[in-house]
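Here the structure comes first, spelled out in structure tokens, and everything after it is commentary.
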Amino acid sequence: MQVPLHVEISDVAHGLLPNVYNLAFGPRKNNGVIDDKIELQHANYSKVFSTILFHAFAYLQNNPEHSIGIDGSDNVRAFLYYLTLQRNYDYLSQRFEILGLKYYVRITRFGKNQYDNPFDFDDIIPEPVQIEKGVAIKHELLYNYFIFKLKN
């Protein structure tokens, strides 16, 4: 069964990340909101992700002072996004500066509870980090939020 995917870019910058606008994608729920938590099977994940990033690229060409953020809402999605970025790095890095952020999802998902024990403060990276080609995927490098800026 084919399910149409929709891409939506927030019209409000993220509260913690100036000039970063969140990109959500997925099918629409009955209430019209994008379901970005649904689990879908795709024949070609790279093609789907590249199509989504094409929308980001078009948006950034019209809004070059902005950046686009994509939330890896859980570790499985974050791993899939990172793996897809690595597989398509040569192409994507010609157009985008690609950054990873490691604490973002924890703050928005858990709020103040993030500080309850056990919380591993060594497991956060407080600033966006340039994603490089070929970096092995390890727990300590698994970013939760991906930021795309147009290359100059």
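Here the gap between LEU83 and THR51, fully extended at 0.36 nm per residue and compared with their Cα-Cα distance, gives a gain of 9.9 nm. Length available on full extension from ASN30 to LEU16: 0.36 nm per residue minus the Cα-Cα distance, which gives 2.0 nm.
Mind giving me the FRET efficiency for GLU97 and ASN75? R0 is 25 Å, r the Cβ-Cβ distance, nearest 0.05 is fine. Efficiency, rounded to the nearest 0.05: 0.55.
Only the coordinates and a few stated rules stand behind these numbers; no lab work does. What you see is a predicted model; the values in this text were computed from it and never measured. For neighbour counting, all protein chains shown are included, and Cβ atoms are generated from backbone atoms with ideal geometry for every residue, glycine included.
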